[in-house]
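One structure is given below, encoded as structure tokens.
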Amino acid sequence: MRHLFLLFTITLFTLVSCGQKPEKTKTTFNFNLSDAEWQAKLAPEQYRVLRKSGTEQAFTGRYWDNKKQGIYSCAGCQQKLFLSETKFKSGTGWPSFYNFIDNGIAIGTDNHLGYSRNEVHCSNCGGHLGHVFEDGPKPTGLRYCINSASLKFKEK
Ligand SMILES: [Zn+2]
């Protein structure tokens, strides 16, 4: 029974990740701050998105139309998440990427943890970044729809 469940989980995970293998969202993270510390560290909109799973309004963020070359990191812990080379114009009003930097993100796969299955998190601090959808461009076919507020861009 345990094996069956494991197999089911792995199958589900493979379907969601489509060849790319983001890790599953954990319950504990390497980078930990208390709620009060997060509030002190982050701007209100960053806190609302990263720590309260909020979503910024479309076409309002800093980076949805950013075409500069560089690296997008987590606004909470500075972990590198996305490269400008994988950013594409999705027309949604949110920064959209078809791939991520290795080990940068985690995907919620288990509703028991309170994460929806397509919710994208920083793998280092657990901060909410956005969601992943299966209507992205090649080669992955995935669209990582990310809030600008959760990102920090550094131009190359
Ligand atoms: Zn982070």
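Data table
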read-out: Looking only at the range 96-113, and only at residues there that are touching a helix residue (DSSP H, G or I) at 6+ places or on another chain (Cβ under 6 Å) and at pLDDT 95 or above, the one that is nearest to the ligand (Cβ to nearest atom); value: Phe97
read-out: Per-region count, the range 114-133, residues part of a loop (DSSP other than H, G, I, E, B) and either modelled with pLDDT of 95 or more or under 21 Å from Ser73 (Cβ atoms) (or both); value: 5
read-out: Per-region count, the range 134-151, residues over 13 Å from Phe88 (Cβ atoms) and surrounded by fewer than 21 Cβ atoms within 10 Å (Cβ to Cβ); value: 1
read-out: Subset of the range 115-156 that is of a type in the set (Lys, Arg) and within 15 Å of the ligand (Cβ to nearest atom) - its residue that is farthest from Asp35 (Cα to Cα); value: Lys154
read-out: Condition broken by Gln78, with the remaining ones in (1) modelled with pLDDT under 95; (2) assigned to a loop (DSSP other than H, G, I, E, B) satisfied; value: (1)
read-out: Complete set of residues in the range 24-52 that are farther than 18 Å from Gln78 by Cα and surrounded by 15 or more Cβ atoms within 10 Å (Cβ to Cβ); value: Lys24
read-out: Filtered residues of the range 1-23 (kept if exposed (fewer than 10 other Cβ atoms within 10 Å of the Cβ) and at pLDDT 55 or above); value: Arg2, His3
read-out: Residues being without any contact (Cβ under 8 Å) to a residue 40 or more places away in the chain and either buried (at least 24 other Cβ atoms within 10 Å of the Cβ) or under 9 Å from the mean Cα position of the chain (by Cα) (or both) - total across the range 121-133; value: 1
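The values are calculated or read from the model by the stated rules, or taken from the named source; none is laboratory data. Just so it is clear, the structure is predicted and the values come from calculations on it, not from any experiment. Glycine gets a Cβ as well: all are built from the backbone with ideal geometry, and neighbour counts include every protein chain shown.
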